[in-house]
Amino acid sequence: MQGIIEKVTELLDNGTVDRVLAWKAGEFSYDRTPAVFDKESGLYGLVYDSFCVNNLSKYLIEESKKDGKVLVLMKPCDSYGLNMLIKEHRVDREKIYVLGVPCKCKVSVDKIKATGLTGILDIVEEGNDIKVTTVYGDTTLDRKDVLCDKCMVCKDKVVVVYDEKIESDETAGIEKLDRMAEVEALEAMTPDERFNFWRSQLSKCIRCNACRNVCPICSCTKCVFDNDNTGISSKANVDSFEENMFHIVRAYHVAGRCTDCGECSRVCPQNIPLHLLNRKFIKEMNELYGTYQAGTDAEAKDPLTAFTKEDAEPSVIYNR
Amino acid sequence: MLKFTSDQMSTLFSAISAMKTLYVPVEKGGEVTFGVWSETEKVRLDALKTVKSAKDLFFPQAETMMGFKMEGKNIEIQVPEEKMDEFVVFGVRACDAKSFEVLDNVFLAEPVDTYYALRRKSGIVICAACTRPEESCFCNVFGIDATAPAGDIVTWTVDGTLYWEAKTEKGEAFTAQLSEYLAEATAEEEAAVAAQNEAVKAIIAKLPYANLKVDGFTGDRMMEYFNSPKWAELYQACLGCGTCTFVCPTCQCYDIRDYDTGHGIQRYRCWDSCMYSEFTKMAGGQPRLTQLERFRQRFMHKLLYYPMNNNGLFSCVGCGRCVNKCPISMNIAKVIKALGDE
Amino acid sequence: MQVNESSKEFKPCIVAFCCNWCSYAGADLAGSNRLSYPADVKIIRVPCSCRVNPLFILRAFQRGADGVILCGCHPGDCHYTTGNYYARRRMTMLFSMLDYLGIEKERTRVEWVSAAEGAKFAATMNDFISTVQSLGENRKLRDLRCKE
Amino acid sequence: MHKIGVFVCWCGSNIAATVDVKAVAEAASKEPCVVYATDYQYMCSESGQNLIIDAIKEHNLTGVVICSCSPRMHETTFRKAAQKAGLNPYMVEIANIREQCSWIHKDMAEATAKAIVLARAAIAKVQLNKPLIAGESEVTKRCLVIGGGIAGIQTALDVAEAGFPVDIVEKKPTIGGKMAQLDKTFPTLDCAACILTPRMVEAGAHENITLHTYSEVEEVSGFVGNFTVKIRKKARKVKMDLCTGCGLCTEKCPMKKQPNEFNMGLDKRGAIYIPFAQAVPKVPVIDVEACLKFKTGKCGICSKVCTAGAIDYEQQDEIIEQKYGAIVLATGFDQIKPTKFGELGYSQYPDVVTSLEYERLMNAAGPTKGHLLRPSDGKPPKEIVFVQCVGSRGQSCRDKSYCSKVCCMYTAKHAILTKDHYPDTNIHVFYIDERTPGKNFDEFYRRAVEQYGVDYIKGQVGKVYEENGKLMVQGSDLLANEQITLAADMVVLAAAIEPDKTARSLGTMLTASMDTNDFFTEAHAKLRPVESPTAGVFLSGMCQGPKDIPETVSQAGAAAVKVIGLLTKDKLLGNPCVAHSDEMLCNGCSQCARVCPYGAITYVDKEFRVPGPKRVETRRVAVVNEAVCQGCGACTVTCPSTAMDLKGFSNRQIMSEVDAICK
C-alpha cells in the first residue's frame, strides 16, 4: 500500500500522469468506491486493501476520452479486461498509464456477513486473521474462509498489460479450486434438474442491469435491450422467457470475450451465479476449439470469430 | 397487546392462508423475498431485509394495464377487471411500512392510480418489529421507530413468542378472525417487549449512520444543493445500473410499454430507474443526458423535490438496501453526508 | 426415447432457416421431386447460415416454435467460403447453452444440405419433426403472453 | 402505412390442385396493410405480370407479395415487373407455395393452411422492406500482377494481349522466378530456360506491360475495380535507363565472395551482380550489404568502369502509387531448407543437398557448368540417394501436412537426367508413395524404373551419417520388410515446398484469405478456383497450392480471363442486399471485420455530439464498402449491439417472418 502511494505520488508529481483511477475508502471499513484522484484533490482516501474488489478497467473507456493521462491501479484479474478493451478499441491506450498492483485475493464482506455477523462496526486485517467488531460483539475469522468466490478460482496473479508494476510475494495461501467444478456439477445433473436450478436462479433477476453495466466486455454504445428498434428491448422480466432471454443473450454476446473476472456475479443483488453461464461457454470453447483465455493479449482472434475446417459439428451437443 | 399462543408459526400461517393469500419472507434460490406461504416454503422471519421490499406486492415490478386483441384488421380493447382478493403480507419491517406512506402520497393522490389503490385496499400489512438491526440501517434518521412499525397489525418476537397488536380498523377486523390463536399478553410480557424495544433502539443509536443529519435539506436551499460541485465527485463511479432503484422501497417511477404478442398488444407498466440512460426518453431524447444529472436527480428527488411536495416527508426510509447492494458502494447515506458537510 | 401415443396428433411448429445457395435450393429440389414432409415445417430464406442470429432462434421459441433447424451448405462449400464455419461454432455454442439451461437440446438442430440433396432435405425434415413430436410441446422456452 | 398487394399464383394446377388459392387470397386480404389480393393462373406470364403492374398503379401499392414458385425461379421476373410499374424492385417478396408447399403436401386443407402462413410471413416481411438501389462503381482498366515467375508472366502477357495495361511487381532484380532456376522440365525434358526466357523477353518488351523489378507492394487500399497500390521500388543503385547490361561492372567488382542466390549459394557472385545471364531487365543491382563503397566509402570501381555512367550510389528507394482494377497474386513458392530434419544431415554434410540445389548442379549455367560434381570435394558422385517427401505429408510440427505434388516427378527427372549423362551412377529413391497422375507422367516414372534401372525403395529414411568418407543412408524397405543402409556419395532431399514468405503480408493488405498453410484460398474450391473471395483479387500459380508448370500456366491463363472479364466492364453494379453499419450504435470493436471474408469493413474515426462538457467525442465506427460486401451477413451476428444489419434480410425482417410463422 505504501509503495503504491509513493509510486502514484511520484508519477503525479513528475507529470507522467494527470489523474489516478483507484479505490476510495468509504464509511465502513469494507466499502470501497472507484474514484479518480488528481493533484488538486490529493490522494486523500485512496486505498488498496483486501476489500478493493471492483474491476476498474471499464472506467477507462470514459477516462481515456478525457484530456491528459490517467494512471490506473490494475489488479491481475482486471488486466485481462483492459486487454479486451484495448483489443476492441474501446480505450485509448496512449492515455493510460497502467500500474500493476499485486493481489493476494480479496475478502468478501458478504461472506463475512454470511457467517452470521451483522452490525459490523470495524474490520481489521492482521495477517491471516480478520478481526470483526460488531455492535453485538467481536469475532476473529480466518481470512481463507471469507475470500471472494472469484478469488478461490483465480486465473493467476500476473498483470497482463502494464507500464510498470509493483510486485509482492504475498499470497492468500489457499489451494485454488477447480474453476470448472461448478459447471461440471451442473452438467452432471439431468436436464430437468438443470432447468429447475436455473429457473430458481434466473427467476430472481430484477433486471437492474448491474451485471451488464459492471462488465468490462458489455461496453456497447447502446445495448440491444435498451434499443427499442431491435425488437427485443425490455426493462423488466414480464414473462419467465425474458429472464432466460436476457441472460442467454448477454452470455452469448460476451462469449469468447468474457475474461471471467467474476464481477457480474459479485454485483448481482440477488446473488445469481451468472458467472456459471459465462464459464460454461469458456469451458465448451476450451474443449471444442482449444484452450483460450480472453484478454491474455490484445490481438488473438477469439473463438467465435475464428474457425477451423475440422471443428466439431453442432450435433456434438444434441447427440451428447 | 395480544400474543400468539403456539410456538409454531406455521400454525398461524396455515390459519391465515386458509382465509387469504399470505405473503411471508421466504427463501428462493438462496435469497429472501416476499412469497406466497405454503407448508413447503422455507420461511425466513429471521431475515432483516428481503432483497426487494414489500413494495413489490402493491406496486409490482411489471403489471398488465390493458390489452388490444388483433385479428386481421380488427382491434378489440381488453380492460382488466377491477377486482382482487384480499391478501396478507406478514413480516414487513418499519422502514418498508413507512414506504407505503411515501407511495400512497404519489399513487393515491388525484388522479388515483387505480391499480395501486386496488392492491392497497386488498392488502393487510402485518409488520414485524426489528430485533437485530445492522450497520446499513438508518431509519431513525427519518424519524422511524424500528420497534414500532406502522402497519395494520404490528408484531414483536421476544424469546420465541409472537406479540400482536392491531393498529387499524382493518387490522382489528382481521385480528378478530384469528381470535382462537391469540390471547391477551400479561403485563410482564408487555414489559419484556418494551425492554427489548429499548435495547434495539440503543443498538440503533450505536450504528454508524445513526447520526446522519437531514435537517438541512429544505426547499429554500434546493438550488444550492442542485448546483453543488459535490455531485461530480459522488456520481463518478456510478455504473448507471438500477440496483438502488429496484431494491428501494420508495422508488415509484415506471415506464409503460407495449408488447406485441403476435395476436395483439399487451400494454404493461414496469419499474424504471432514473439511473438508466433511457429513462423518460421522449421523441426529443432524454431530459437528463449525463449520468451526473441522472444521479443527482435520484437524490434530489428523495431529499428535496419529494419532501417539498409532501410536507417535508423524505422519500427515503433508511432501510439501507442500497447501502448493501450498490456494486460500487455509493448510496444515499454517503450523499447525505457529503452534501451535509457544506 | 419413448413415443407418446398422444404425440401422434401433436402438430409441432417448426422453423427451418435455410441458406439461399444450398439448403433453400435443396428444399426446392425436394419439392420438384415431390418428396413429401409434413406441413409443420416453414422455411425462412437467409443468404447464408452465418446470417442466423441466435436471437432469431430464441425468438422462434419465444413465439411458440417447438423446434428450430438451421440448414446450410456443407462445410467447405459455403457460397461465401467461410459463413457456415462461423455458423457451426455459433450454433454449437447456442445449443450447448440451451442444454445447460435444461432446455431439450433435441429441439434445435443443424444440418448441412446441398442444392443437390433434395432427398436428404426431406428426410432431415421428417426425422426432425418426429423427434420434436416425441418431445411434445415446447414449454420450457416460450413466452406465455404469445399463447393465444 | 403500407399498401400491400398479394398475388396468388395457380401455376396452372401445380399449386391450385393442392392449395386453395382463392382461400389464400381471401386470408391475405384480411391481413393488416393488405389492400388488394387476387389469384391468377400464371403470374409469371405476360398477362400475369400486367395484372401486377396494373394493380400497383391502380392501388398505389407500396409493397407486393407474390405467392408462387420458388424465388429462385421468378424473383427477378417479378422484381422487374414491379420496377416497370414504378415500384422499387426490392419491395417485392415471394412466398414459395409451390416447391415448399403444394408439391410436397397432399392434403389440401393442410397445404392451404401452410400457404396462408407463408403468405403472412411474406406480408410481414415486405412491410419492413426498404427500397434498395444497387450501387455502381467505375473500373480502372489496369491490372497489377504481384510476382514475376512463370505464373505472373503468363497472366500478364494474356491480359496485355487483350489490350489492358499490366504492371508486374517482382521483389527480385529480375523476373523469371523459380522456373528460371530449373534445368529441364518433366516429362518432356525440354530445357526450362529455353521455354521460359523468350516469355520473359516478351513480357519485358510488351507495350502494355510495365515491369517493377526489385520492388515490393507497400500498401493496398480500395476495392474491386478501384484498388490503389503503393509500390516500393528499391534502389538498385544503377540507373535503369542508362545501363546497357554489358556486365563489365560485375566482372570488375572486387567483392566476389557473396553467396549466389540464383545458384542456391553453391557459388559466389560480386557485390554488384546480374542474377543470371538471361535476366530481364538485364541491369545489375548493388548489394549494399556487401559493397565496399557502402561499407567503407572507398572502391567505386564499378562506377569507374561504367562507360554509360549508370552507377548511382545516391539512388534512393522510390514509392510509386498506381490505381488498378484487378490484382493478381502470383507470389509463388519456396523450397523449405530442411534444417529441422537433423537426422538427414542437411546442415551437417555438404553433400546432402536439396533438389533445387541439385537442379543447379545439373544446369549448364550452374556453378559446375553442368558437370555433376558434389559440393564437398568436387568429385562426381557414383552412388546417389534421393529422399522424397522431406517435410511433406507429415503430421509433426516440422512437417507440412500437404503433398508438395511435384517432387515425385522431378525426382524421376533427376534420376533420368543423371543416368543419361552418367550411366555408371547408381541411383536409389526412397519414397512413400509414387504419385504420377498427369499426362505422360506415369510413363515417365516407369521409364526411370524400367529403362534406367533406378532403384525405387518404398520406405522412409531414418538417418544419414558419415562413415569412411561415405554418407550412410539408413532407411526401411517396407516391401522387403527390412532395414537397409546404403553408402552414398550424395543425398538429394525432395524438400517440401511452401508459399513465399511475402504472401502473408500481402494477404493481410489485400484481405485475401489464406489457409493454415498460408496458401491463398480460392472463392470456391470447384467453381471459382482462380478467384480469391475478395472481389477483384485473382490467384495464379503456386501461391494457391502446389502445382506443376503446365497447371500453373493454365491457371495463369484462367486468372487472366477473369481479369479481362472484369476490366472490359465500364461499371460494376453492386448487390444492394449488403451489410450496413449504424454508426450511432457501432462500438468500433472490430469483431465484424474479423469475420468478413471480403475485407469489406473498414473503420473510421468520427466525431459525434455527446452531452457533457466536451460536446464532441471521437468514436471509431465501422464502414461497409458496399462494392465489396457480398451480403453473407456473418458480420451482423458478430455485432453485439446490432449496429451491423443486412439490407433485404434485416434482423427485424427475419424476426417478423419468425413471428408470423410461430403465430
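The values are calculated or read from the model by the stated rules, or taken from the named source; none is laboratory data. Computed from a predicted model, the values in this text were never measured in an experiment. Cβ sites come from the backbone with ideal geometry, for glycine too, and all protein chains shown count toward neighbours.
Values for this structure:
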{"read-out": "Residues of segment D:572-592 satisfying the condition of being in a loop (DSSP other than H, G, I, E, B), under 18 Å from A:Cys218 (Cα atoms) and under 26 Å from the mean Cα position of the chain (by Cα)", "value": "D:Ser590"}
{"read-out": "Residue check, A:Gly26 surrounded by fewer than 17 Cβ atoms within 10 Å (Cβ to Cβ), in contact with a strand residue (DSSP E or B) (Cβ under 9 Å, 6 or more places away or on another chain) and in the same structural domain as A:Gly100 (by TED's automatic domain parsing)", "value": "no"}
{"read-out": "Residue among D:Ala121, D:Ala82, D:Ala95 that is within 24 Å of D:Ser650 (Cβ to Cβ) and in contact with a Leu (Cβ under 6 Å, 6 or more places away or on another chain)", "value": "D:Ala95"}
{"read-out": "Of all residues making up segment D:148-186, the number that are part of a loop (DSSP other than H, G, I, E, B), among the small types (Gly, Ala, Ser) and either closer than 15 Å to D:Met542 by Cβ or modelled with pLDDT under 95 (or both)", "value": "3"}
{"read-out": "From A:Ala300, A:Ala294, residue being surrounded by fewer than 18 Cβ atoms within 10 Å (Cβ to Cβ) and farther than 13 Å from C:Met93 by Cβ", "value": "A:Ala300"}
{"read-out": "So D:Leu372, is it outside the structural domain of D:Ala277 (by TED's automatic domain parsing), in contact (Cβ under 8 Å) with a residue 12 or more places away in the chain, in contact with a helix residue (DSSP H, G or I) (Cβ under 8 Å, 6 or more places away or on another chain) and closer than 30 Å to D:Pro254 by Cα", "value": "yes"}
{"read-out": "Breaking point among (1) touching a Phe, Trp or Tyr at 6+ places or on another chain (Cβ under 6 Å); (2) away from chain D (no Cβ under 14 Å); (3) touching a residue at least 24 places away in the same chain (Cβ under 8 Å), for B:Met66", "value": "(1)"}
{"read-out": "Segment C:35-44, residues that are more than 7 Å from chain D (Cβ to nearest Cβ) and over 15 Å from C:Arg109 (Cβ atoms)", "value": "C:Pro38"}
{"read-out": "Strands (runs of 3 or more DSSP E) wholly inside segment A:52-168 containing at least 2 residues that are of a type in the set (Val, Ile, Thr) and crowded, with 19+ Cβ neighbours inside 10 Å", "value": "A:70-74, A:96-100, A:120-126, A:129-134"}
{"read-out": "Qualifying positions in segment D:399-413 - in a loop (DSSP other than H, G, I, E, B), at negative phi and out of contact with any strand residue (DSSP E or B) (no Cβ under 6 Å at 6 or more places or on another chain)", "value": "D:Asp399, D:Lys400, D:Ser401, D:Tyr402, D:Cys403, D:Val406"}
{"read-out": "Number of positions in segment C:116-130 that are buried (at least 19 other Cβ atoms within 10 Å of the Cβ) and either of a type in the set (A, V, I, L, M, F, W, C) or out of contact with any Cys (no Cβ under 9 Å at 6 or more places or on another chain) (or both)", "value": "7"}
{"read-out": "In segment C:22-34, residue farthest from C:Cys71 (Cα to Cα) [restricted to those that are more than 7 Å from chain D (Cβ to nearest Cβ) and small (Gly, Ala, Ser)]", "value": "C:Gly26"}
{"read-out": "Residues (within 14 Å of another protein chain (Cβ to nearest Cβ) and part of a loop (DSSP other than H, G, I, E, B)) located in segment A:169-202", "value": "A:Met180, A:Ala188, A:Met189, A:Thr190"}
{"read-out": "Members of segment D:593-637 found to be touching a residue at least 40 places away in the same chain (Cβ under 8 Å) and part of a strand (DSSP E or B), listed by number", "value": "D:Val621, D:Ala622, D:Val623, D:Val624"}
{"read-out": "Helices (runs of 4 or more DSSP H) wholly inside segment B:260-342 containing at least 2 residues that are surrounded by fewer than 22 Cβ atoms within 10 Å (Cβ to Cβ)", "value": "B:291-300, B:306-309, B:332-340"}
{"read-out": "Verdict on D:Met655 being within 14 Å of chain B (Cβ to nearest Cβ) and either crowded, with 24+ Cβ neighbours inside 10 Å or closer than 23 Å to A:Ala251 by Cβ (or both)", "value": "yes"}
{"read-out": "The listed residue being modelled with pLDDT of 95 or more and surrounded by fewer than 24 Cβ atoms within 10 Å (Cβ to Cβ), out of C:Gly67, C:Gly102, C:Gly76", "value": "C:Gly102"}
{"read-out": "Any hit, segment C:87-99, residues being under 19 Å from C:Gly136 (Cβ atoms), more than 7 Å from chain A (Cβ to nearest Cβ) and either of a type outside the set (Val, Ile, Thr) or outside any strand (DSSP E or B) (or both)", "value": "yes"}
{"read-out": "Residue in segment A:201-214 that is at pLDDT below 95, within 24 Å of B:Met275 (Cβ to Cβ) and surrounded by 23 or more Cβ atoms within 10 Å (Cβ to Cβ) present", "value": "no"}
{"read-out": "All positions within segment B:117-146 that are crowded, with 21+ Cβ neighbours inside 10 Å and assigned to a loop (DSSP other than H, G, I, E, B)", "value": "B:Ala129, B:Cys130, B:Pro133, B:Glu134, B:Glu135, B:Ser136, B:Cys137, B:Phe138, B:Ile144, B:Ala146"}
{"read-out": "Residue list for segment B:3-42, filter: touching a Phe, Trp or Tyr at 6+ places or on another chain (Cβ under 8 Å), part of a strand (DSSP E or B) and modelled with pLDDT of 95 or more", "value": "B:Thr21, B:Leu22, B:Tyr23, B:Val24, B:Pro25, B:Val26, B:Phe34, B:Gly35, B:Val36"}
{"read-out": "All positions within segment A:263-276 that are surrounded by 24 or more Cβ atoms within 10 Å (Cβ to Cβ) and either closer than 18 Å to A:Cys220 by Cβ or within 13 Å of the chain's Cα centre (by Cα) (or both)", "value": "A:Glu263, A:Cys264, A:Val267, A:Cys268, A:Leu274, A:His275"}
{"read-out": "Selection from segment D:188-203 of residues that are buried (at least 21 other Cβ atoms within 10 Å of the Cβ) and modelled with pLDDT of 95 or more", "value": "D:Leu196, D:Met200, D:Ala203"}
{"read-out": "Any hit, segment D:625-641, residues being in contact with a His (Cβ under 6 Å, 6 or more places away or on another chain) and either more than 30 Å from B:Ala232 (Cα to Cα) or assigned by TED's automatic domain parsing to the domain that holds D:Asp190 (or both)", "value": "yes"}
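Residues are listed down the side, and each one gets a yes or a no for (1) more than 13 Å from chain A (Cβ to nearest Cβ); (2) assigned to a helix (DSSP H, G or I); (3) in contact with a Leu (Cβ under 7 Å, 6 or more places away or on another chain); (4) not hydrophobic (A, V, I, L, M, F, W, C):
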position	(1), (2), (3), (4)
C:Glu106	no, yes, yes, yes
C:Arg109	no, no, no, yes
C:Lys120	yes, yes, no, yes
C:Ala123	yes, yes, no, no
C:Asp127	no, yes, no, yes
C:Glu137	yes, no, no, yes
C:Arg142	no, no, no, yes
C:Glu148	yes, no, no, yes
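Every residue, every condition in (1) in contact (Cβ under 8 Å) with a residue 12 or more places away in the chain; (2) within 21 Å of B:Ser329 (Cα to Cα), yes or no:
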position	(1), (2)
A:Pro34	yes, yes
A:Ser41	no, yes
A:Cys52	yes, yes
A:Asn55	yes, yes
A:Lys66	yes, no
A:Met74	yes, yes
A:Cys77	yes, yes
A:Glu88	yes, no
